[in-house]
Ligand SMILES: Cc1cc2nc3c(=O)[nH]c(=O)nc-3n(C[C@H](O)[C@H](O)[C@H](O)COP(=O)(O)OP(=O)(O)OC[C@H]3O[C@@H](n4cnc5c(N)ncnc54)[C@H](O)[C@@H]3O)c2cc1C
């Protein structure tokens with residue numbers, strides 16, 4: 001029996017020492033949802049207990065079920081079928097089913113869509129735990145940002161259409177941005193979005209390197225203003241996988257073979273716009289990418305942790321010069337450096353996720369608390385303070401998010417190499 005949450009002293013330590021009560025109050029908007037939903041926590045203690053229970057069952061699922069399948073998943077990879085559909089490796093299919101049964105596919109989605117409404121910091125712990133078991137599966141588990149983006153920016157109708165299914169694990173999504181001639185430079189995107197006479201939107205063009213591009217719900221960045229070059233000509237759209245969405249090839253990658261990386265041709269695919277025209281890249285994709293950056297940092301932590309444990313166990317069992325090699329100073333120092341680098345990365349990453357939770361919570365409060373828009377002087381002063389704090393935390397996240405992605409992914413590479 002292995003539990004990738006309980007057996008990790010550093011995650012346990014951080015879980016106990018981060019002020020999760022504060023984050024619970026922010027996410028649960030002072031626990032007002034408990035009046036409406038039986039399963040919403042009534043106070044911070046209950047919320048923290050829920051986080052612990054969910055991480056515990058995810059830790060066990062990761063240790064006992066997902067990890068033992070990871071090697072086969074990597075050998076099998078995905079299959080592009082003649083009809084253009086993609087079949088995941090058997091282990092990925094089985095693990096996704098288990099994750100859906102464990103009700104962890106709507107980690108940060110609101111209760112009203114069947115989500116857990118957990119803070120990002122707990123989601124970070126969860127992604128790391130899954131990634132330690134299977135870094136490829138993490139790519140699909142960690143794409144919950146698609147649903148978060150719909151929740152943050154789409155109309156109520158679109159939210160109702162998709163979000164319950166995301167929480168139930170009935171659908172998976174993809175973030176469809178990159179094109180053959182638009183990688184780092186997303187402003188160069190060419191895929192066209194156009195309307196028919198009735199104002200219905202359609203997509204036409206090619207996307208490349210799309211993780212889980214064979215998923216059910218695709219968020220697509222496209223050029224809606226055909227006469228306008230650059231980022232302000234782009235809008236964000238959502239479409240379903242259907243007969244006009246053709247997977248043309250799967251990338252043959254060096255690793256994470258269980259995660260399908262697809263080239264997609266959209267042949268006049270019906271779609272709906274997310275939010276406002278022209279804000280696709282500058283507002284919505286930037287938010288989506290920030291979540292994805294933290295996801296990559298989480299994934300890096302999981303891989304680094306797995307690599308460290310393999311190295312440590314090997315160094316304890318391998319004997320040279322009549323001693324276990326972990327007793328040799330050069331090897332011992334390397335293992336100690338690995339552990340320090342992992343714990344530093346985790347502290348930085350969880351702090352980043354914590355700050356994101358506070359930033360998101362403050363912004364939501366400013367938007368939804370009508371009292372703060374009233375004429376009472378005390379309310380006005382509180383609103384001003386909240387606005388200032390919100391700006392401050394936005395600046396922190398802008399700094400910490402890329403820093404976490406950079407540090408954790410480089411650290412992960414080095415540990416795997418060592
Ligand atoms: C496994 C995998 C999964 C992916 N999943 C997705 C996905 O789900 N959705 C999606 O939309 N995309 C996805 N991508 C695409 C990924 O986002 C792009 O690969 C990335 O944006 C870089 O684009 P590019 O590969 O075209 O490289 P290029 O942009 O062509 O860059 C080539 C090289 O030039 C460097 N470079 C480029 N611009 C600059 C600059 N201004 N200054 C300095 N150096 C620069 C780059 O760092 C790189 O080393 C995935 C890619 C991979 C490999």
- Please name all residue pairs, on different chains or six or more residues apart, with Cβ atoms under 6 Å, provided the first residue is in region 316-334 and is farther than 17 Å from residue 418 by Cα and the second residue is in a helix (DSSP H, G or I). 324/316
- Message: The conditions are (1) within 16 Å of the ligand (Cβ to nearest atom); (2) without any contact (Cβ under 8 Å) to a residue 60 or more places away in the chain; (3) over 22 Å from residue 78 (Cβ atoms), and residue 263 fails exactly one of them. Which is it?
- Response: (3)
- Message: On the basis of being within 22 Å of residue 122 (Cβ to Cβ) and either more than 16 Å from the chain's Cα centre (by Cα) or surrounded by fewer than 17 Cβ atoms within 10 Å (Cβ to Cβ) (or both), does residue 193 make the cut?
- Response: no
- Query: If a residue has to be loosely packed, with under 14 Cβ neighbours inside 10 Å and in a helix (DSSP H, G or I) to count, how many in region 315-331 make the cut?
  - Reply: 4
- Message: Against the condition touching a helix residue (DSSP H, G or I) at 6+ places or on another chain (Cβ under 6 Å), touching a residue at least 40 places away in the same chain (Cβ under 8 Å) and either more than 30 Å from residue 264 (Cα to Cα) or not in a helix (DSSP H, G or I) (or both), how does residue 15 come out, does it pass?
- Response: no
- Evaluation of residue 288 against (1) modelled with pLDDT of 95 or more; (2) within 13 Å of the ligand (Cβ to nearest atom); (3) touching a strand residue (DSSP E or B) at 6+ places or on another chain (Cβ under 8 Å) (one fails), failing number: (1)
- Task: Only residues that are more than 22 Å from the chain's Cα centre (by Cα) and closer than 21 Å to residue 130 by Cβ: list them for region 18-68, please.
- Result: 64, 68
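May I ask you to list the residues in region 314-336 that are within 26 Å of residue 403 (Cα to Cα) and touching a helix residue (DSSP H, G or I) at 6+ places or on another chain (Cβ under 9 Å)?
Those that are within 26 Å of residue 403 (Cα to Cα) and touching a helix residue (DSSP H, G or I) at 6+ places or on another chain (Cβ under 9 Å): 334, 335.
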- Message: Can you find a residue that is under 11 Å from the mean Cα position of the chain (by Cα), in a helix (DSSP H, G or I) and away from the ligand (no atom under 16 Å from the Cβ) anywhere in region 126-149?
- Response: yes
- Do you know which residues across region 168-202 are within 14 Å of the ligand (Cβ to nearest atom) and assigned to a strand (DSSP E or B)? 173, 174, 175, 176, 179, 182
- Message: Here is a check on your reading of the model: is residue 244 over 21 Å from residue 93 (Cβ atoms) and buried (at least 16 other Cβ atoms within 10 Å of the Cβ)?
- Response: yes
- With respect to residue 88, is the statement that it is surrounded by 15 or more Cβ atoms within 10 Å (Cβ to Cβ), assigned by TED's automatic domain parsing to the domain that holds residue 135 and over 26 Å from residue 152 (Cα atoms) true? yes
- Note on the structure: If you go through 74, 7, 52, the only one that is more than 30 Å from residue 249 (Cα to Cα), at pLDDT 95 or above and part of a helix (DSSP H, G or I) is 52
- Query: Quick one: residue 274 ticks every box in (1) touching a helix residue (DSSP H, G or I) at 6+ places or on another chain (Cβ under 8 Å); (2) within 13 Å of the ligand (Cβ to nearest atom); (3) closer than 17 Å to residue 162 by Cβ bar one, so which box is it?
  - Reply: (2)
- In region 358-369, anything part of a helix (DSSP H, G or I) and either without any contact (Cβ under 8 Å) to a residue 24 or more places away in the chain or over 12 Å from residue 396 (Cβ atoms) (or both) is listed as 360, 361, 363, 364, 365, 366, 367, 368
- Message: Among the residues that make up region 237-246, is at least one of them in contact (Cβ under 8 Å) with a residue 40 or more places away in the chain and closer than 23 Å to residue 167 by Cβ?
- Response: yes
- Can you spot a residue in region 242-251 that is under 30 Å from residue 116 (Cβ atoms) and either more than 10 Å from the ligand (Cβ to nearest atom) or out of contact with any helix residue (DSSP H, G or I) (no Cβ under 8 Å at 6 or more places or on another chain) (or both)? yes
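The values are calculated or read from the model by the stated rules, or taken from the named source; none is laboratory data. Since the structure is predicted, the reported quantities are computational estimates derived from the model, not experimental observations. Note: ideal-geometry Cβ built from the backbone for every residue, glycine included; neighbour counts use all protein chains shown.
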